[in-house]
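Right, one structure below, let's go through it.
Read-outs throughout are calculated quantities, based only on the coordinates presented, and are distinct from any laboratory measurement. Fair warning: this is a prediction, and the values are worked out from it, not measured in the lab. So basically every Cβ, Gly included, is an ideal-geometry build from the backbone, and we count neighbours across all protein chains shown.
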Amino acid sequence: MTSKAKNSDVKVLKGQEAEDAILQYLKRMNRPFGAVDVAANLKGAVPKATTQKILVALAEKGEIVQKAYGKTSFFVANQASIDSVPTEKLAELEVECKMIEESNNALAVEVRAITTELSKLKNCPTDEELNAQIASAKEAIARHIERLVPLRSGAPLISAEELAKVNVDWRKWHTEWIRRRKVFMTFWQLATDSLPPQDAETLIEDLGIEFDTTEHKALEKEPLCAIQGTNTRSNLKRKRE
């Protein structure tokens with residue numbers, strides 16, 4: 001019912017009007033069509049049966065060309081009856097096409113430049129991020145100034161002899177700590193080698209043993225400990241020699 005209602009709104013063409021409509025359609029589209037397709041594309045303005053008859057009649061007049069493929073016939077506008085574009089007009093169109101192409105290329109270059117600039121702007125910190133960085137820098141400056149206050153007020157500095165003594169004590173006790181840790185780990189391995197992991201964990205809790213934490217391991221990788229470790233190995237080599 002809906003389809004009929006839609007078709008009823010289209011004016012049905014007859015006679016010369018129908019023939020002109022079909023011919024103009026084929027010339028405008030300039031491609032092969034079957035009778036069913038032409039009738040459908042004209043939205044029912046010309047009935048299918050009438051369309052087939054008009055197409056055959058136009059082919060007989062030479063207005064269009066009919067090609068049969070098996071049981072199906074296709075119709076296309078006669079190319080000889082289609083106005084060709086003059087050479088001058090083609091030359092003008094080619095020039096216009098070239099100008100448009102050059103304009104498009106220039107716009108493409110501009111778009112790439114703008115895109116690059118936009119990418120740089122997106123990578124820059126926002127106003128809020130800049131404010132946070134400025135605030136952080138001011139806090140760092142304030143901390144450093146606070147550390148400089150005692151020096152500026154004439155507070156006594158650590159002498160070279162005192163600093164050397166601290167370094168000696170540090171090397172001594174750090175070396176002792178490494179030695180004791182090695183001794184403990186050796187005996188601990190012997191004591192827990194035959195224990196299941198769960199029993200070993202229970203024993204650790206019962207004895208209150210605390211192994212090196214992540215912070216301790218990170219500290220051992222710091223330059224101060226690394227230098228101390230190198231010096232210790234050098235001293236051992238000298239003693240063996």
field: Of Lys48/Lys71; Lys182/Lys221; Lys138/Lys165; Lys43/Lys89; Lys14/Lys61; Lys138/Lys221, pairs whose Cα-Cα distance is over 28 Å
entry: Lys138/Lys165; Lys43/Lys89; Lys138/Lys221
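With the convex hull built on the Cα atoms of region 160-221, state its orientation-averaged projected area in nm². Kindly include the intermediate steps, with their values, before the conclusion.
On the way: hull surface 22.4 nm².
Here the figure is 5.6 nm², rounded to one decimal.
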statement: Given all pairs of distinct Cα atoms, region 15-77 yields a Kirkwood Rh in Å of 11.3
Equivalent ellipsoid dimensions for the chain as semi-axes, Å, which come from the Cα gyration tensor, largest first: 99, 34, 22
field: region 139-234: chymotrypsin sites (Phe, Trp or Tyr not before Pro) falling in loop per DSSP and having at most 14 other Cβ within 10 Å
entry: Phe211
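When you have a sec, figure out the Kirkwood radius of region 97-144 from all distinct Cα pair distances and drop it here in Å to one decimal?
With all distinct Cα pairs of region 97-144 included, I get 14.0 Å.
Taking the Cα centre of the chain as origin and charging only Cβ (+1 Lys, Arg; -1 Asp, Glu), how large is the dipole, in debye to the nearest 20?
Result for the chain is approximately 620 debye, rounded to the nearest 20.
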- line: Nearest 10, in degrees from 0 to 90: the angle of helix 48-61 to the longest Cα principal axis of the chain is 70
- prompt: Mind checking the alpha-carbon convex hull of region 125-182 and giving the volume per residue in Å³?
  reply: 148
statement: Correct response: the longest run of the chain lacking exposed trypsin sites (Lys or Arg not before Pro), defined by DSSP loop and at most 12 other Cβ within 10 Å, is 72-220
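What does the charge count near Lys217 come to, summing +1 for each Lys or Arg and -1 for each Asp or Glu among other residues with Cβ under 14 Å from its Cβ?
Net charge in that neighbourhood comes out at -3.
Rule-of-thumb check for region 60-149: C-alpha Rg over 2.2 N^0.38 Å?
Working: Rg = 34.9 Å, N = 90, 2.2 N^0.38 = 12.2 Å.
So the Cα radius of gyration is 2.87 times the expected 2.2 N^0.38 Å.
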- line: Per the helix-only model, the chain has a calculated mean residue ellipticity at 222 nm (DSSP H runs of ≥4, -39500 (n - 2.57) each, divided over all residues, rounded to the nearest 500) of -24500 deg cm²/dmol
- line: Sorted by chain and number, the residues with a modelled amide H under 5 Å from that of Asn78, at a separation of 5 or more or across chains, are Ile64, Val65
